[in-house]
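Enquirer: Have a look at this one before I ask anything.
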């Protein structure tokens, strides 16, 4: 095997003196320092807002712009009458590689719709955010466009979303009252079937 | 009695001034590095919603340091382990006693020198205290009962002792020119002007000594690019086994040393409290104009001038810290013994010859 010998360039006398190199290094850092100090001061005065002084995003107050196709927390889209668009076809639950979706379908009063979800739970502690559920949905009933990234909880149970939170992304746990008009099985209404039981049944 | 009171006031002034500056150093270090690296820096600590650009972080830090658990490793020498950080901070603090931060001023018929202790061999005193600081380092390494801490301590000791020599010899040139070791007199000696318009500061007559002094002083304070005794996360320094405020005291000593070096560089090479063209009777500009200044204003201007110069040096050290990479140990030793030491000696010889030639 051929061996390639990498030769490092010898330092010139100017570089070996080291002090000029310190000066050139200081030039770089001082240029950054002065530029940013100037910009920070200008921002305080409300000037030059279009030029950023720091690349930092002050996270909880200032969010990074998300790409339009970014996959964030799920939501269920809603019809004009406030019922979910979901028709309980189970495609998303079937395609989900993480088995994090639990749907219990019920009969819809409108014979043209046939079914609607009595329960629709997503366990975000299990979800891999692959987006297959969005891709597979024939009714455009589930989307991942809420822009919610700060999904955090103290327990695994708290990571589970039920139909209330999915239909209204601005809701935050703990939920105290059920706002949904149509019949469904939610924890607040006493219809308790844990996701894990349901999956074991499968 | 009043003399004693004056001394106590002066000592407290210097003590709290220096400690506050050291605390501000942590803020400066964070903020300056952040601004250099296009970041924002620590800005979250707040009191009643006021953040003041992160100025409360030093406060939060000290509260954290004081309330953290203090761990003494099993088998460590409990007394020496406690004593080591105390040594470091103590010797760093007492050194400031010899630094003059202003000219003498008259108060009620009393001459007050703005210097905590008027020592006629102030430079020797400062170097003695700097050398004693090595004890804090070596004791910390030794008392921790940790081989890595001991190695770190030895590294630090070797470095400090090596660079102390270059530091001392670099200063000899300045002493020869101004003919005194009393720092107050040395600063007064820098009050003259060369050729009528260049202030006769140490940097003008001893530029080589200044470079050597600055380099050796940076090494003496164990700051980047000479921070391999500490090497906080990479090569483990002498204070691995320290936690809580004991660890904080080592850091405090570090910042105090930096300020001390800034003070020394100001005093020896940048005219201490001298303001260019300002004499005790007022400004006397080289183009002939004069501006009378009252005695308190003159002294105050001196103190302000001294503070500004010290802060500029602190910022410069910080800037160097965020610019340069760390030296390797052999490079460090070679620079100290084969670089700075001979240069300093030659500088002394040249200065001596020049002085002898000029006197004749």
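Enquirer: Looking at region A:1-20 only, could you name the residues that are assigned to a helix (DSSP H, G or I) and more than 9 Å from chain B (Cβ to nearest Cβ)?
Expert: Going residue by residue through region A:1-20, those that are assigned to a helix (DSSP H, G or I) are A:13-16, A:19-20.
If the condition is that a residue be assigned to a helix (DSSP H, G or I) and more than 9 Å from chain B (Cβ to nearest Cβ), then A:13, A:14, A:15, A:16, A:20 are the ones that fit.
Enquirer: Another question, if that's okay. Just to be sure, is residue A:52 surrounded by 11 or more Cβ atoms within 10 Å (Cβ to Cβ), within 14 Å of chain B (Cβ to nearest Cβ) and assigned to a loop (DSSP other than H, G, I, E, B)? Spell out how you get there, then give the answer.
Expert: Working: surrounded by 11 or more Cβ atoms within 10 Å (Cβ to Cβ): yes; within 14 Å of chain B (Cβ to nearest Cβ): yes; assigned to a loop (DSSP other than H, G, I, E, B): yes.
In short, yes.
Enquirer: Looking only at residues that are assigned to a helix (DSSP H, G or I), more than 30 Å from residue B:100 (Cα to Cα) and at pLDDT 90 or above in region B:1-56, which one is farthest from the other protein chains (Cβ to nearest Cβ)? Write out each step before concluding.
Expert: At the first step, the residues of region B:1-56 found to be assigned to a helix (DSSP H, G or I) are B:2-36, B:52-54.
Next cut, more than 30 Å from residue B:100 (Cα to Cα) only: B:33-36, B:52-54.
Keeping just the survivors that are at pLDDT 90 or above gives B:33-36.
On the way: B:33: 9, B:34: 7, B:35: 5, B:36: 5 Å.
The residue in question is B:33.
Enquirer: Being in contact with a strand residue (DSSP E or B) (Cβ under 8 Å, 6 or more places away or on another chain), surrounded by 14 or more Cβ atoms within 10 Å (Cβ to Cβ) and in contact (Cβ under 8 Å) with a residue 24 or more places away in the chain is true for just one of B:112, B:71. Which residue is that? Please lay out each step first, then the result.
Expert: Numbers: B:71 fails: in contact with a strand residue (DSSP E or B) (Cβ under 8 Å, 6 or more places away or on another chain).
Criteria check complete, one pass: B:112.
Enquirer: Here's a follow-up. State yes or no: is residue A:33 within 14 Å of another protein chain (Cβ to nearest Cβ), over 26 Å from residue B:216 (Cα atoms) and part of a helix (DSSP H, G or I)?
Expert: Answer is no for this residue.
Enquirer: Select, from B:106, B:114, the only residue that is away from chain A (no Cβ under 14 Å), closer than 26 Å to residue B:16 by Cα and assigned to a loop (DSSP other than H, G, I, E, B).
Expert: B:114
Enquirer: Let me ask you something else. All but one of (1) assigned to a loop (DSSP other than H, G, I, E, B); (2) within 14 Å of chain B (Cβ to nearest Cβ) hold for residue A:27; which doesn't?
Expert: Single failed check for residue A:27: (1).
Enquirer: Condition (residue is touching a helix residue (DSSP H, G or I) at 6+ places or on another chain (Cβ under 7 Å), closer than 21 Å to residue B:313 by Cα and assigned to a helix (DSSP H, G or I)) applied to region B:177-185: is it met by at least one residue?
Expert: Yes: one or more hits.
Enquirer: Let me ask you something else. Restricting attention to region A:135-157, which residues are crowded, with 17+ Cβ neighbours inside 10 Å and either part of a helix (DSSP H, G or I) or out of contact with any helix residue (DSSP H, G or I) (no Cβ under 7 Å at 6 or more places or on another chain) (or both)?
Expert: Answer for region A:135-157, where residues must be crowded, with 17+ Cβ neighbours inside 10 Å and either part of a helix (DSSP H, G or I) or out of contact with any helix residue (DSSP H, G or I) (no Cβ under 7 Å at 6 or more places or on another chain) (or both): A:141, A:145.
Enquirer: So residue B:73 passes all but one of these: (1) under 22 Å from the mean Cα position of the chain (by Cα); (2) away from chain A (no Cβ under 14 Å). Which condition number does it fail?
Expert: (1) is the only condition that residue B:73 fails.
Enquirer: I would also like to ask the following. Within region B:193-222, which residues are under 11 Å from residue B:156 (Cα atoms) and in a loop (DSSP other than H, G, I, E, B)?
Expert: B:221, B:222 - these are the residues of region B:193-222 that are under 11 Å from residue B:156 (Cα atoms) and in a loop (DSSP other than H, G, I, E, B).
Residue-by-condition table, conditions (1) touching a residue at least 60 places away in the same chain (Cβ under 8 Å); (2) more than 14 Å from every other protein chain (Cβ to nearest Cβ); (3) surrounded by 14 or more Cβ atoms within 10 Å (Cβ to Cβ):
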residue: B:252; (1), (2), (3): yes, yes, yes
residue: B:256; (1), (2), (3): yes, yes, yes
residue: B:260; (1), (2), (3): yes, yes, yes
residue: B:267; (1), (2), (3): yes, yes, yes
residue: B:273; (1), (2), (3): yes, yes, yes
residue: B:290; (1), (2), (3): no, yes, no
residue: B:297; (1), (2), (3): no, yes, no
residue: B:320; (1), (2), (3): yes, no, yes
residue: B:349; (1), (2), (3): no, yes, no
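Enquirer: Go through (1) surrounded by fewer than 12 Cβ atoms within 10 Å (Cβ to Cβ); (2) not in a loop (DSSP other than H, G, I, E, B) for residue A:58 and report which single condition fails.
Expert: (2)
Enquirer: Taking the stated definitions as given, is residue B:59 under 29 Å from residue B:136 (Cβ atoms), free of Cβ contacts under 8 Å to residues at least 40 places away in the same chain and away from chain A (no Cβ under 14 Å)? It would help to see each step written out before you state the result.
Expert: Details: under 29 Å from residue B:136 (Cβ atoms): yes; free of Cβ contacts under 8 Å to residues at least 40 places away in the same chain: yes; away from chain A (no Cβ under 14 Å): yes.
So residue B:59 passes the test.
Enquirer: Which condition breaks for residue B:6 when tested against (1) in contact with a strand residue (DSSP E or B) (Cβ under 9 Å, 6 or more places away or on another chain); (2) free of Cβ contacts under 8 Å to residues at least 60 places away in the same chain; (3) over 30 Å from residue A:30 (Cβ atoms)?
Expert: Only one criterion in (1) in contact with a strand residue (DSSP E or B) (Cβ under 9 Å, 6 or more places away or on another chain); (2) free of Cβ contacts under 8 Å to residues at least 60 places away in the same chain; (3) over 30 Å from residue A:30 (Cβ atoms) is unmet by residue B:6, namely (2).
Enquirer: Let me ask you something else. Can residue B:83 be described as in contact with a helix residue (DSSP H, G or I) (Cβ under 8 Å, 6 or more places away or on another chain), surrounded by fewer than 18 Cβ atoms within 10 Å (Cβ to Cβ) and closer than 30 Å to residue A:38 by Cβ? Lay out the reasoning, then the answer.
Expert: On the way: in contact with a helix residue (DSSP H, G or I) (Cβ under 8 Å, 6 or more places away or on another chain): yes; surrounded by fewer than 18 Cβ atoms within 10 Å (Cβ to Cβ): yes; closer than 30 Å to residue A:38 by Cβ: no.
Spelling it out, it is not the case that residue B:83 is in contact with a helix residue (DSSP H, G or I) (Cβ under 8 Å, 6 or more places away or on another chain), surrounded by fewer than 18 Cβ atoms within 10 Å (Cβ to Cβ) and closer than 30 Å to residue A:38 by Cβ.
Enquirer: If you don't mind, another one. Could you say whether any residue in region A:30-43 is under 30 Å from residue A:166 (Cβ atoms) and surrounded by 11 or more Cβ atoms within 10 Å (Cβ to Cβ)?
Expert: For region A:30-43, residues under 30 Å from residue A:166 (Cβ atoms) and surrounded by 11 or more Cβ atoms within 10 Å (Cβ to Cβ): absent.
Listed here are the residues, each with its yes/no results for (1) within 14 Å of chain A (Cβ to nearest Cβ); (2) touching a strand residue (DSSP E or B) at 6+ places or on another chain (Cβ under 8 Å); (3) within 30 Å of residue B:106 (Cα to Cα).
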{"position": "B:285", "(1), (2), (3)": "no, yes, yes"}
{"position": "B:310", "(1), (2), (3)": "no, no, yes"}
{"position": "B:333", "(1), (2), (3)": "no, no, no"}
{"position": "B:345", "(1), (2), (3)": "no, no, no"}
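Enquirer: Hey, can you tell me all the residues within region B:224-235 that are crowded, with 19+ Cβ neighbours inside 10 Å and more than 14 Å from every other protein chain (Cβ to nearest Cβ)?
Expert: B:227, B:228, B:229, B:230
Enquirer: Tell me yes or no: at least one residue of region A:95-103 is surrounded by fewer than 19 Cβ atoms within 10 Å (Cβ to Cβ), out of contact with any helix residue (DSSP H, G or I) (no Cβ under 8 Å at 6 or more places or on another chain) and not in a strand (DSSP E or B).
Expert: Yes - at least one qualifying residue is present in region A:95-103.
Enquirer: Now for a separate question. Would you point out which residue out of B:311, B:304 is modelled with pLDDT of 90 or more, out of contact with any helix residue (DSSP H, G or I) (no Cβ under 9 Å at 6 or more places or on another chain), surrounded by 12 or more Cβ atoms within 10 Å (Cβ to Cβ) and closer than 22 Å to residue B:99 by Cβ?
Expert: Exactly one residue qualifies, and that residue is B:304.
Enquirer: Suppose we filter region A:61-89 for residues that are part of a loop (DSSP other than H, G, I, E, B) and either within 14 Å of chain B (Cβ to nearest Cβ) or within 25 Å of residue A:128 (Cβ to Cβ) (or both); how many remain? So that I can check it myself, show each step before the final result.
Expert: Narrowing region A:61-89 to residues part of a loop (DSSP other than H, G, I, E, B): A:61-74, A:77, A:79-83, A:85-89.
Within this subset, residues satisfying the condition of being either within 14 Å of chain B (Cβ to nearest Cβ) or within 25 Å of residue A:128 (Cβ to Cβ) (or both) are A:61-74, A:77, A:85-89.
Matching residues across region A:61-89 total 20.
The values are calculated or read from the model by the stated rules, or taken from the named source; none is laboratory data. Owing to the predicted nature of the structure, the values given are computational and were not obtained by experimental measurement. For neighbour counting, all protein chains shown are included, and Cβ atoms are generated from backbone atoms with ideal geometry for every residue, glycine included.
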